[in-house]
Amino acid sequence: MGLPSAASARANSEFQPDEVLADGQELRLASDDGEQVHTLKERALHPFRRPGNDTLNGDGGDDTVNGDAGNDVIDETHPPADGPPQMAGVATAWEAATKAVVADRIVRLRTGVVLDNDTPAFNRLTRLARWGLGGRLGPGDQWVSWIHIDDFLASVRFLLDAQAVDGVVHVTSPNPVRNRDMMTELRRAVHRPWSPPMPAPLVHVGAVLLRTDPGLALTGRRCIPNVLDHAGFEFTHERFAGALDHLLTHAGTDRGSAKHRPAGALSG
């Protein structure tokens with residue numbers, strides 16, 4: 001049975017929200033008449049409040065639910081962090097909303113940075129390196145959990161058929177990298193020399209110009225995909241350097257293969 005995504009559920013809901021509000025621990029939706037307030041994702045998932053279906057939830061779920069975890073190795077059993085609110089707070093609220101779903105199986109994806117050509121995150125990283133700004137960001141020892149787009153799509157296909165898997169699943173490479181090593185590989189890949197580090201205050205300034213959150217660059221999470229590993233998923237791009245080289249030299253149209261299906265899974 002296919003797994004309807006939370007994004008599909010939201011697209012199929014029959015209401016048009018006026019505004020989305022963040023109150024720290026909960027994302028809330030103001031209805032059209034402004035008189036009633038509903039939890040955004042609970043309302044979005046209303047079509048799936050029935051038994052007999054599986055739900056794959058990756059909408060709003062990512063590794064920032066673990067906050068700034070330092071050097072801790074984080075698997076799927078690690079409890080969510082208390083903050084920062086714009087990272088762990090938001091991700092926790094989205095995941096909590098899936099409790100409204102009645103389903104035979106709910107898989108909650110926590111995704112690292114998905115690397116793909118012509119996407120904002122990847123374009124920013126490669127441009128910084130090409131512009132001579134490819135030094136470490138802040139201290140440089142913060143961990144980055146990432147995954148190549150091919151492996152991301154293949155893991156989702158794998159989970160569609162892996163009926164024994166439910167709950168939280170880390171959709172990340174088994175080899176997270178430190179920021180300083182990531183920037184070193186980026187410079188190598190785009191043929192740029194050593195670049196000076198960017199102190200944290202300058203990261204904050206740059207984040208304003210790029211319209212992003214500096215915390216995404218200055219905090220870190222060392223996530224490992226234990227559930228995928230134990231279920232038999234095989235990564236094609238396990239190392240950051242190889243994934244980077246592949247993206248910069250290939251179109252990346254061949255995404256996923258038969259080896260990523262769990263044993264006994266039906267094709268088609």
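Taking each residue as 0.36 nm, the span from A164 to A207 lengthens on full extension beyond its C-alpha to C-alpha distance by 11.3 nm.
Shown here for the stretch 154-239: trypsin sites (Lys or Arg not before Pro) in loop regions (DSSP other than H, G, I, E, B) with at most 11 other Cβ atoms within 10 Å, namely R211. Distance between the pseudo-spin-label points of H191 and R239 (7 Å out from Cα toward the beta carbon): 2.2 nm.
For E95, E185, E238, give me the order by solvent-accessible area with a 1.4 Å probe, most accessible first, ignoring ligands, DNA and RNA. It would help to have the intermediate numbers written out before the result.
Working: E95 20, E185 50, E238 85 Å².
Ranking E95, E185, E238 by accessible area, largest first, yields E238, E185, E95.
Distances between placed amide hydrogens fall under 5 Å for T111 paired with D62, D63, V171, all partners being 5 or more residues away or on another chain.
The values are calculated or read from the model by the stated rules, or taken from the named source; none is laboratory data. All values derive from a computational prediction rather than experimental measurement. Backbone-built Cβ (ideal geometry, glycine too); neighbour counts: all protein chains shown. These accessible areas exclude ligands, DNA and RNA; they are computed on the full protein's heavy atoms, side chains included. Shrake-Rupley method; radii C 1.70, N 1.55, O 1.52, S 1.80 Å.
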